[in-house]
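> To start, I am sharing the structure in question, which I have written as structure tokens.
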Amino acid sequence: MVAVPIPRTGEPAQLRPVGSAAPVQQDWTHLIAAGTLMAGGALLVSGRKKSGLAVAIAGTAIALLDEPEMLQSWWHSLPGMLSNAQQFLDKVEEYMGAAAEQGHRIQSAFRR
């Protein structure tokens, strides 16, 4: 909740959180990351795919600079995720092969 102090005559008012004596500091890392992500999205929407992707990657990298623990946990879980993705793709490939084989059987049945 934000309290608005009533200024004395001639003094500008400053918004401060209730119970806080010091003004709130802005976290520039988050603002820069959000700005670059929005700029990357705007570039992607406008059709400039390569530059939009590059700017979005830069914004993501800036955002991750502030979260080293999360980045480390992602790095350690990456091999498991890649293994799961590989297993999923193997199952999809097996299913597609079975579907193609069944399709050939149906086509040969209709040709007779």
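> Please determine whether any residue of segment 35-53 is modelled with pLDDT under 85, surrounded by fewer than 10 Cβ atoms within 10 Å (Cβ to Cβ) and in a helix (DSSP H, G or I).
No, segment 35-53 has no match at all.
> In addition: Restricted to segment 67-112, and to residues that are exposed (fewer than 10 other Cβ atoms within 10 Å of the Cβ) and under 18 Å from the mean Cα position of the chain (by Cα), which residue is farthest from Thr29 (Cα to Cα)?
Looking at the filtered set, the residue picked out is Trp75.
The values are calculated or read from the model by the stated rules, or taken from the named source; none is laboratory data. Since the structure is predicted, the reported quantities are computational estimates derived from the model, not experimental observations. Glycine also receives a Cβ, built like all others from the backbone with ideal geometry; neighbour counts cover every protein chain displayed.
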